[in-house]
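Written out below as structure tokens is the structure these notes cover.
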Amino acid sequence: MESIVQQIAAYRQEISEYQVDGAASLEAYRIKFLGTKGIVKGLFGEMKSVPNEQKKDFGAILNEFKTFAESKYEEWKAAISATEEKGSSIDLTLPGDPMPLGSRHPISLVRNEIVSIFRRLGFSVAEGPEIEDDWHNFTALNLPENHPARDMQDTFYLNQGPDWLLRTHTSNVQVREMEKGKLPIRVVCPGRVYRNETISARAHCFFHQVEGLYIDEHVSFADLKQTLYFFVQEMFGKDVKVRFRPSYFPFTEPSAEMDISCLLCNGDGCNVCKHTGWVEILGCGMVHPQLLENSGIDSNKYTGFAFGMGIERITMLKYQINDLRLFSENDVRFLRQFNAAL
Ligand code: DAH
């Protein structure tokens, strides 16, 4: 028995020095020590050659050794599966790479809002070219060559010749929609327009408009007013006051400009409304019969209204912005503020 006990001590030493560096060496260990033909089993087989009075002590030594060999095995096994898990699976607790969310440009926010209000009234969206010919930007809108009203808009002409220009307003889309000849027409036309203006806090060489056009039988000025009242209430709230002033546009007759009570001073008078309490936000009127005829629409049967508004002006009122240049300078500190509903 003495020699077996020494043998066990040697195995114990061997196990303590055993190097397990992966599943293969662990399995080799298991087979060698714990397998059906392994060392532990073999030692138990020695039991029968041990004299009876020593069986109890020997059994205790053997059991203790077995537990030691098994616990080592479990220990290594757990260590191996822990490293495997780490290597193969994703750690969901790691903080993610930040992906900063941009924000919509205030002009886009307001354009989308304007369009969605008119959509609710059954208007759809139409778009037209920014590079336009003289006919669609001027002549078809009752602005023939040498018409004094052309001077109201400083036009960028293109090198291609006097017929090509950058549209000065979105009214060109009116003409293009009427030319399609499909009636009735009920569209809003958002887009960018260009004018040769000196850049300042109040003027820029490009800006944005939304044009509206409704042509059908029996369309009246009352329809125009009601549509625009609805728009203003949806856009600025129920408390805003509205007034129409007679005006002149070659493409509408009669024509009007619409003012709303100043949002900054509630009509009391401030710099924005030049102490009048009112701010002009759009031009409008009944489509001039000549425009209908220009596009082959029977002006005895059909009537219509049109309007055009500047998106910048409305955005400045809504967000209390006092300099037009901020819209195109792309200063992130400015743009970042508009992360409201997209
Ligand atoms: N086109 C005009 C402008 O740029 C705005 C406008 C006024 C459009 C009256 C219209 C309208 O359709 O009826 O100043």
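Would you mention how many residues in region 200-247 are without any contact (Cβ under 8 Å) to a residue 12 or more places away in the chain and part of a strand (DSSP E or B)?
Count: 1.
What's the number of the condition E253 fails, among (1) of a type outside the set (A, V, I, L, M, F, W, C); (2) more than 16 Å from the ligand (Cβ to nearest atom); (3) open to solvent by 40 Å² or more (accessible area, probe 1.4 Å); (4) in contact with a His (Cβ under 6 Å, 6 or more places away or on another chain)?
(2)
Sort through L335, L317 and tell me the only one that's of a type in the set (A, V, I, L, M, F, W, C) and either under 21 Å from V173 (Cβ atoms) or surrounded by 19 or more Cβ atoms within 10 Å (Cβ to Cβ) (or both).
Values: L335 fails: either under 21 Å from V173 (Cβ atoms) or surrounded by 19 or more Cβ atoms within 10 Å (Cβ to Cβ) (or both).
The match here is L317.
Six or more apart or on different chains, Cβ atoms under 6 Å: show the pairs whose first residue is in region 259-286 and over 16 Å from I311 (Cα atoms) and whose second is basic (K, R).
S261/K241
Any idea which of (1) under 36 Å from the mean Cα position of the chain (by Cα); (2) more than 30 Å from G181 (Cβ to Cβ); (3) away from the ligand (no atom under 16 Å from the Cβ) is the one L324 doesn't satisfy?
With respect to (1) under 36 Å from the mean Cα position of the chain (by Cα); (2) more than 30 Å from G181 (Cβ to Cβ); (3) away from the ligand (no atom under 16 Å from the Cβ), L324 is out only on (3).
With the structure loaded, tell me whether E211 is of a type in the set (D, E) and modelled with pLDDT of 95 or more or whether it fails that test. Even if it seems obvious, please write down each step before you answer.
Working: of a type in the set (D, E): yes; modelled with pLDDT of 95 or more: yes.
So E211 passes the test.
Count, please, the residues in region 228-249 that happen to be crowded, with 20+ Cβ neighbours inside 10 Å and within 13 Å of the ligand (Cβ to nearest atom).
Within region 228-249, residues that are crowded, with 20+ Cβ neighbours inside 10 Å and within 13 Å of the ligand (Cβ to nearest atom) number 2.
Those residues that are within 17 Å of R202 (Cβ to Cβ), among the polar types (S, T, N, Q) and open to solvent by less than 80 Å² (accessible area, probe 1.4 Å), I need them from region 256-275; list them, please.
None - no residue of region 256-275 is within 17 Å of R202 (Cβ to Cβ), among the polar types (S, T, N, Q) and open to solvent by less than 80 Å² (accessible area, probe 1.4 Å), so the list stays empty.
Identify the residue in region 97-124 that is among the β-branched types (V, I, T) and in contact with a Ser or Thr (Cβ under 9 Å, 6 or more places away or on another chain) and, among all such residues, is surrounded by the fewest Cβ atoms within 10 Å (Cβ to Cβ). Before the answer, list the steps.
Taking region 97-124 and keeping what is among the β-branched types (V, I, T), we get 107, 110, 114-115, 117.
Those still in the list that are in contact with a Ser or Thr (Cβ under 9 Å, 6 or more places away or on another chain) too: 107, 110.
Details: I107: 19, V110: 25.
Among them, the one singled out is I107.
If you check K32 against the conditions, is it touching a Gly at 6+ places or on another chain (Cβ under 8 Å) and surrounded by 16 or more Cβ atoms within 10 Å (Cβ to Cβ)? First the steps, then the outcome.
Details: touching a Gly at 6+ places or on another chain (Cβ under 8 Å): yes; surrounded by 16 or more Cβ atoms within 10 Å (Cβ to Cβ): yes.
When the stated conditions are applied, K32 passes them.
For C284, indicate whether it is in a loop (DSSP other than H, G, I, E, B) and under 30 Å from N172 (Cα atoms). Even if it seems obvious, please write down each step before you answer.
On the way: in a loop (DSSP other than H, G, I, E, B): no; under 30 Å from N172 (Cα atoms): yes.
Spelling it out, it is not the case that C284 is in a loop (DSSP other than H, G, I, E, B) and under 30 Å from N172 (Cα atoms).
In region 199-213, what count of residues is obtained for those that are within 10 Å of the ligand (Cβ to nearest atom) and small (G, A, S)?
Here the count works out to 1.
Being over 22 Å from the mean Cα position of the chain (by Cα) and surrounded by 10 or more Cβ atoms within 10 Å (Cβ to Cβ) is true for just one of E127, E145, E53, E75. Which residue is that? First the steps, then the outcome.
Numbers: E127 fails: over 22 Å from the mean Cα position of the chain (by Cα); E145 fails: surrounded by 10 or more Cβ atoms within 10 Å (Cβ to Cβ); E53 fails: surrounded by 10 or more Cβ atoms within 10 Å (Cβ to Cβ).
None of the other options fit; the residue is E75.
So which residues in region 156-182 are away from the ligand (no atom under 12 Å from the Cβ), open to solvent by 10 Å² or more (accessible area, probe 1.4 Å) and under 22 Å from M309 (Cβ atoms)?
F156, L166, R176
The values are calculated or read from the model by the stated rules, or taken from the named source; none is laboratory data. This is a predicted model, so every value here is computed, not measured. In this analysis, Cβ positions are derived from the backbone assuming ideal geometry, glycine residues included, and neighbour counts consider all displayed protein chains. SASA here: full protein model, heavy atoms, side chains in, ligands and nucleic acids out. Shrake-Rupley method; radii C 1.70, N 1.55, O 1.52, S 1.80 Å.
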